[in-house]
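The next block holds one structure in the form of structure tokens; read it before the comments.
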Amino acid sequence: DRDGGVLLMGALFGRYPSLLKLYADSGYQGPKFQEELKKVCRKINVEIVKRTDAGKFVVLPRRWVVERTIGWLNRCRRLAKDWECLNQNALAFLRWASIRSMLRRLCQERI
């Protein structure tokens with residue numbers, strides 16, 4: 001993940017130059033990843049969100065956003081399992097699920 005992450009972030013931040021911050025888990029905290037990312041994306045601020053070693057559940061900053069979004073998308077039955085053989089098909093179903101989620105929120109009656 002870490003080695004491919006640099007290439008992915010270079011493509012992502014090249015396409016969306018307004019993004020300035022990257023939240024990552026502890027797997028990406030090594031100096032090699034930081035140095036390679038600085039070569040590809042100079043303006044990016046990387047913030048590592050670390051787990052706590054406490055024996056109880058603790059909500060981590062910003063990590064809940066990712067978990068919540070994945071939970072919403074997994075309500076679509078087609079995305080609950082890895083059925084797709086081609087990445088472009090998986091991406092198409094992911095887009096459909098995102099559109100469905102946005103439409104449901106936009107079309108809700110406001111009281």
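Per the 1.4 Å probe, what fraction of the accessible area of segment 1-48, in percent, lies on carbon and sulfur atoms?
Values: 1860 of 3480 Å².
Taking all protein chains in place, segment 1-48 shows 54 percent carbon and sulfur surface.
Any chance you could list P(r) for the chain, counting all Cα-Cα pairs in 10 angstrom bins from zero, rounded to whole %?
Distribution as computed: 11, 29, 36, 21, 2, 0 percent.
Could you tell me the relative contact order of the chain? Use alpha-carbon pairs under 8 Å, at least six residues apart, and round to a whole percent. Let's see the in-between values first.
Numbers: 68 pairs, mean separation 21.7, N = 111.
Taking the mean separation of contacting Cα pairs over the length of the chain, I get 20 percent.
Residue by residue, what Karplus-based ³J(HN,Hα) values in Hz, rounded to whole numbers, does segment 11-23 have, using 6.51, -1.76 and 1.60 with θ = phi - 60° and x for Gly and Pro?
These are the phi-based 3J(HN,Hα) values: 5, 5, 6, x, 7, 10, x, 6, 6, 10, 10, 10, 9 Hz.
For VAL46, list long-range residues whose amide hydrogen, built 1.01 Å from N in the peptide plane, is under 5 Å from its own amide hydrogen.
Distant-sequence amide H within range of VAL46: LEU22.
Starting from the 7 Å offset along Cα-to-Cβ, what nm value, one decimal, do you get for the label separation of VAL46 and ARG62?
Using points 7 Å along Cα→Cβ, the separation is 1.3 nm.
What does the C-alpha gyration tensor say about the overall shape of segment 28-83? Classify as rounded when a/c is under 1.5, otherwise prolate if a/b is larger than b/c, or oblate.
Taking the square roots of the gyration eigenvalues as a ≥ b ≥ c, segment 28-83 is oblate.
Carbon and sulfur together cover what percent of the accessible area of segment 64-107 at a 1.4 Å probe radius?
61
Keeping all protein chains in position, work out how much accessible area PHE13 exposes to a 1.4 Å probe, and write it in Å² to the nearest 10.
20
So what's the net charge close to TRP72: Lys and Arg +1, Asp and Glu -1, counting the other residues with Cβ under 12 Å from its Cβ? Don't skip to the answer; put the middle values down first.
Values: positive: ARG68, ARG75, ARG100, ARG104, ARG105; negative: GLU67.
Charge balance in the 12 Å sphere: +4.
Please give the Cα centre distance for segment 77-111 versus segment 1-53, rounded to the nearest Å.
About 26 Å separates the Cα centre of segment 77-111 from the one of segment 1-53.
Accessible area per residue, 1.4 Å probe, Å², for the chain: what's the number? Show your work: numbers first, answer last.
On the way: 9620 Å² over 111 residues.
Here the per-residue accessible area is 87 Å².
Once you keep just the Cα pairs under 8 angstrom separated by 6 or more residues, what percentage relative contact order results for segment 1-48?
Details: 41 pairs, mean separation 23.9, N = 48.
Over segment 1-48, the number comes to 50 percent.
The values are calculated or read from the model by the stated rules, or taken from the named source; none is laboratory data. All figures in this text were calculated on a predicted structure; none of them were measured in a lab. Virtual Cβ from ideal backbone geometry, glycine too; neighbours counted across all protein chains shown. SASA here: full protein model, heavy atoms, side chains in, ligands and nucleic acids out. Shrake-Rupley method; radii C 1.70, N 1.55, O 1.52, S 1.80 Å.
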